[in-house]
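The structure under discussion appears below in the form of structure tokens.
The values are calculated or read from the model by the stated rules, or taken from the named source; none is laboratory data. These figures come from a predicted structure and were not determined experimentally. Here the Cβ positions follow ideal geometry from the backbone for every residue, glycine too, while neighbour counts run over all protein chains shown. Ligands, DNA and RNA are stripped out before the accessible areas are found, and what is left, the full protein with its side chains, is counted by its heavy atoms. Shrake-Rupley method; radii C 1.70, N 1.55, O 1.52, S 1.80 Å.
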Amino acid sequence: MVGTTVSGCGGSNGEPEGSDSLKAFGAAVKTFRDRAGLTQEQLAPLVNYSVPTVASIEQGRRFPRADFIDRAEEALDAFGVLRAMAGHLARRPGLASWFRQWATIEESAISLCTYECRLVPGLLQTEEYARAAFHGSLPPLSDQQIELQVAERLGRQQLLTQKPNTAFSFIIEQAVVERCTGGRGVTSGLITHLLETGELRNVELQVMPRERARHAGLDGPLQLAECTDNRWLGYAEGQRGSNLFTNPKDISVLMQRYAMMRSQALHADDSLSLLERMRGDL
């Protein structure tokens, strides 16, 4: 299958790049906050973000979302400076360079479909699970790199609740949960999080059971996104990079495979019941 290759990795292992523009933006937020006589704890409710998120943005470790920029601009009476600076934020630390294009597509999509056979999808991970996954990276990541990637991964999860009109479909292999990444305690917390997320009206979570005589996803993980103009795009990751699929013929193949997997996986209600049993067995 031929796709548009999103080649290259930030550094030797796809690690995130730094960003002077984000540090400058964060410094500006802190300067205006100090000018307003506010602490991070006082600013957080004004922008409807947590204190750790405000701190991460001020430190230049997290890319600010548009609603944060608008709320901070108003709350801090920043003379339009924050909005102007936001137009020059070109890079996203915490995301591998080859994933950033798809992350941008995710943010504007009206439907997202994800099949994973390696690990729980990033949008469904808990902080403890994400941290355990990054701790196992090779070559090893530094503590700062791990914190950057965990922060960005958790930030992306706001899509599930801030876009209630976006339909999210997830199919995950039973084995990726049973692997107990991070240990049994982390897995128990992960399953609880999956059960809670699976109850959201805009989320359908299905588990592919261990035994299936026929499986349409043997070629590996895949993602599909429906754009606002109703075009579909596809995405797949490998060991050292990724492919973005735009050709309608390629998209047709991926959509056929995903549709078949939805029929092969457990129904959403049965999937949640299985997860509850798995949690009880830990």
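Note on the chain: with neighbouring protein chains present and a 1.4 Å probe, carbon and sulfur make up 50 percent of its accessible heavy-atom surface. Annotation: for a label point projected 7 angstrom from Cα along Cα→Cβ of Gln239, residues of the range 127-154 with backbone N closer than 15 Å are 138-139. For the range 199-282, the mean projected area of the C-alpha convex hull, equal to one quarter of the hull surface, is 7.6 nm². Here the extension length gained between Thr31 and Glu211 equals 59.1 nm, from 0.36 nm per residue of separation less the Cα-Cα distance.
Sorting 136-146, 195-205 by average packing, meaning the other beta carbons within 10 Å per residue, from highest down gives 195-205, 136-146.
Put simply, when 233-244, 51-62 are sorted by average Cβ atoms within 10 angstrom per residue, most first, you get 51-62, 233-244.
Oblate is the label for the range 92-210. Its Cα gyration tensor axes, ordered a ≥ b ≥ c, give a/c of at least 1.5 and b/c at or above a/b. By the helix-only formula, in which each DSSP H run with n ≥ 4 contributes -39500 (n - 2.57) and the sum is divided by residues, the chain has a 222 nm mean residue ellipticity of -14500 deg cm²/dmol. Each label was represented as a point 7 Å from its Cα along the Cα-to-Cβ direction; for Ser50 and Thr228 these points are 2.9 nm apart. Stretching the chain fully between Gln42 and Asp269 yields a gain of 77.6 nm (0.36 nm per residue, less the alpha carbon separation).
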